[in-house]
Amino acid sequence: MTVRTRFAPSPTGSLHVGGARTAIFNWLFARHAGGQFILRVEDTDRERSTEESILEITDAMEWLGLDWDEGPFRQSERLEIYQKHANLLLDSGHAYKCYVTPEELDEKRKEAQSRGDVLHYKREWAKLNEGPDVPYVIRLQTPDEGTIEVQDKLRGTVTFDATEVDDFIILKRDGFPTYNFAVVVDDATMNITHVIRGDDHLINTPRQVLIYKSLNYEVPTLAHVSMILGSDNKRLSKRHGATSVVAYKDRGYLPEAIINFLSRLGWSYGDQEIFSKEELIEKFTLDNVGKSAAVFNEEKLEWLNSHYIKNDPPEKIAELVIPLLKENGLEVELDEKLIKIIKELSQRAKTLLDIRDSINYFYASEIEFEEKAKNKFLKSEIKPVLQDIVDKLSNLSDFNMDEMHKVFDQVMEERELKLGKIAQPVRVALTGGTVSPGIFEVMDILGKDEVIARLNNAISVIPNE
Ligand code: GLU
């Protein structure tokens with residue numbers, strides 16, 4: 001049996017991290033088994049579904065590298081299939097037409113409420129208004145007593161009381177299916193073997209199981225994964241800040257970091273934290289998916305992101321940073337200089353934006369000094385020291401790190417100064433501020449002429465006593 005999983009988002013907003021985790025689990029499960037991963041857009045809610053949201057979801061999936069083998073299918077284009085299945089159920093006596101109007105139902109609901117009851121739909125009302133042109137819904141005939149058992153791969157047998165499920169609608173007056181009906185017909189006709197989804201859908205499963213049985217379709221393996229919680233142990237929502245995948249992309253996160261992070265929410269493999277995509281595919285099974293809810297730990301995501309920024313090839317990071325710089329009005333080439341810069345800045349960056357925001361001075365034609373840094377470190381007593389460094393660096397025929405170190409050692413020795421006294425003024429002279437990679441690395445990136453020009457410029461702004 002070929003494993004076939006699916007991701008079935010409702011396009012009523014962008015892809016949020018909970019949905020992405022569901023997509024990742026299904027994708028990993030299919031890839032691990034050499035099976036297929038299907039994308040299905042559940043757009044039967046005509047009022048809330050939008051084209052824009054479909055595009056946002058598929059873009060986010062592509063960005064994450066979650067490729068699908070079939071689809072995107074759209075439920076709104078499959079109405080005939082649902083209608084055909086509803087008719088099959090009418091013919092087999094598992095479903096019936098119900099002519100009770102919404103107003104009549106409302107009336108009955110109010111009556112029940114006034115008695116302190118919850119309305120339970122009664123089958124005998126169904127034929128009340130039967131007539132040739134009278135609109136109707138189709139309802140599933142459900143058991144009046146007993147239990148409905150759902151087998152869940154993660155939770156075992158979950159038992160529901162059949163009296164809590166009344167004869168629910170499968171096809172609405174406008175010919176559109178209800179959510180539970182469309183899901184079952186789709187999963188069955190698309191030969192889905194495993195349904196992995198959030199446990200907020202567990203309450204739908206007794207209804208779905210009844211539909212499978214009535215249609216004589218096999219129930220796929222179901223696995224309901226616990227929801228993701230925010231740091232306050234409440235279900236993750238917009239209240240906890242950015243929850244959409246695209247928001248993380250915009251904040252300079254890498255797709256590998258997100259995939260790695262979300263895979264570990266609910267799934268584990270010993271205490272290993274870092275997984276490449278290939279490793280996840282190799283190791284992911286439902287056996288290691290836990291039952292308890294996982295907490296979304298923003299700091300861990302940040303830590304993973306910095307890990308990937310540091311360890312990915314600098315060429316790759318450079319390619320991602322170039323468009324970010326362009327947005328900020330800085331056009332740079334992917335050349336040796338940029339690669340060297342990325343190698344340095346990626347050591348401490350948590351996001352790509354950290355790199356974007358600390359790169360400017362490498363390309364500046366004129367250094368802008370931070371006022372505080374300038375006042376503290378560019379003082380008259382450092383002027384002769386900087387001049388000395390300029391003279392000695394100018395004499396170097398080979399401007400490499402070793403030679404630069406020698407120059408600084410010599411200046412320190414002759415002037416009886418520690419590197420701590422010299423490094424910060426040099427850094428301010430070269431970068432304008434007090435935070436940067438090591439000064440020798442900065443000098444190596446800038447090259448001799450630029451270093452000497454910047455030091456001379458700093459000397460020129462320092463007052464004489
Ligand atoms: N369309 C549903 C949702 O976005 C998913 C349904 C399912 O996975 O069965 O929550």
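Points worth noting:
- If both residues of a DSSP beta bridge must be in the chain, then about 50% of such bridges are antiparallel.
- Assuming charge only on the beta carbon of Lys and Arg (+1) and of Asp and Glu (-1), the dipole of the range 1-88 about its Cα centre is about 460 debye to the nearest 20.
- Over the chain, Cα pairs under 8 Å with separation of 6+ residues give a relative contact order of 12 percent.
- Fraction of beta bridges assigned by DSSP in the range 19-157 that are antiparallel (%, nearest 5): 65
- Spatially close lysines, pair count over the range 342-465: Cα under 17 Å, gap of eight or more or interchain: 14
- Extending 7 Å from the Cα toward the beta-carbon at both Leu330 and Asn464 defines two label points whose distance is 3.6 nm.
- Rounded to 10°, Cα long-axis angle of helix 102-114 versus longest principal axis of the chain: 90
- Gained length - Ala423 relative to Asn400, 0.36 nm times residue gap less alpha-carbon distance: 6.5 nm
- Here Glu111 and Lys234 are evaluated by their C-beta separation; at R0 = 41 Å the FRET efficiency comes out at 0.65.
- Where labels lie 7 Å past Cα in the beta-carbon direction, separation of Asp133 and Thr12 in nm: 3.5
- Cα gyration tensor shape for the range 227-299, rounded if a/c is under 1.5, else prolate or oblate: oblate
- Counting every C-alpha pair in the chain, the share spaced more than 37 angstrom apart comes to 47%.
- Cβ-Cβ FRET estimate between Thr101 and Val158, R0 fixed at 41 Å, reported to 0.05: 0.70
- In a simple Cβ point-charge model (Lys, Arg +1; Asp, Glu -1; nothing else charged), the chain has a dipole of about 920 debye relative to its Cα centre.
- Full extension of the chain segment joining Val246 with Trp303 gains 18.6 nm, where the gain is 0.36 nm per residue of separation less the Cα-Cα distance.
- Virtual paramagnetic centre 7 Å along Cα→Cβ of Arg173, amide N under 17 Å, in the range 106-125: 106-109
- Relative to its Kirkwood radius, the Cα radius of gyration of the range 412-459 gives an Rg/Rh of 0.97.
- When the alpha carbon gyration tensor of the range 1-122 is reduced to an equivalent ellipsoid, the three semi-axes, largest first, read 36, 20, 15 Å.
- Full extension of the chain segment joining Ile54 with Asp312 gains 89.8 nm, where the gain is 0.36 nm per residue of separation less the Cα-Cα distance.
- Rg(Cα) / (2.2 N^0.38 Å) computed for the range 61-161, rounded to two decimals: 1.54
- 222 nm mean residue ellipticity, helices alone, for the chain (DSSP H n ≥ 4; -39,500 (n - 2.57); rounded to 500): -14000 deg cm²/dmol
Taken together, the values in this text are just the output of simple stated rules run on the coordinates, not laboratory data. Here the structure is a predicted model, which is why all the values come from computation and not from measurement. Note that we place each Cβ from the backbone using ideal geometry, even for glycine, and neighbour counts take in every protein chain shown.
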